[in-house]
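The values are calculated or read from the model by the stated rules, or taken from the named source; none is laboratory data. For clarity, every value in this text was computed on a predicted model and none was experimentally measured. Note that each Cβ is placed from the backbone with ideal geometry, even for glycine, and that neighbours are counted across all protein chains shown. For the accessible areas, the whole protein counts, side chains as well, though only heavy atoms, and no ligand, DNA or RNA atoms are used. Shrake-Rupley method; radii C 1.70, N 1.55, O 1.52, S 1.80 Å.
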Amino acid sequence: MPNNFAYYLKYRPQALSELIGQEAVKKNLLSGLQNNKLSHAYLFVGPRGTGKTSTARILAKMVNCENQDKAPCNKCPICASITDGSNLDLIEIDAAS
């Protein structure tokens, strides 16, 4: 990753285990994935800096990871493309803009 990236991008959590302060969200997403009962849509809402985008990206990796483990591998091409923002199937919408 180039040195000119912002800290929030450089240190963004890459797995549910790295999220801090979102225990209920982590538990619900992991339970839904384990039981194969994920919803067709999720709406992440909250103030700035609470992990909405990070959680959504981790969920996208969990669902699409080629290794199909409970946690994203962060090594396969799909995980890498979600991390670097080049995945065409992942659209990030900034509702504030």
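Just to verify a result, which residue in region 44-77, among those that are aliphatic (A, V, I, L, M) and in a loop (DSSP other than H, G, I, E, B), is most open to solvent (accessible area, probe 1.4 Å)?
Ranking the candidates gives Val45 first.
For region 29-36, indicate whether the set of residues that are over 20 Å from Cys73 (Cα atoms) and exposed (fewer than 15 other Cβ atoms within 10 Å of the Cβ) is non-empty.
No, every residue in region 29-36 fails to be over 20 Å from Cys73 (Cα atoms) and exposed (fewer than 15 other Cβ atoms within 10 Å of the Cβ).
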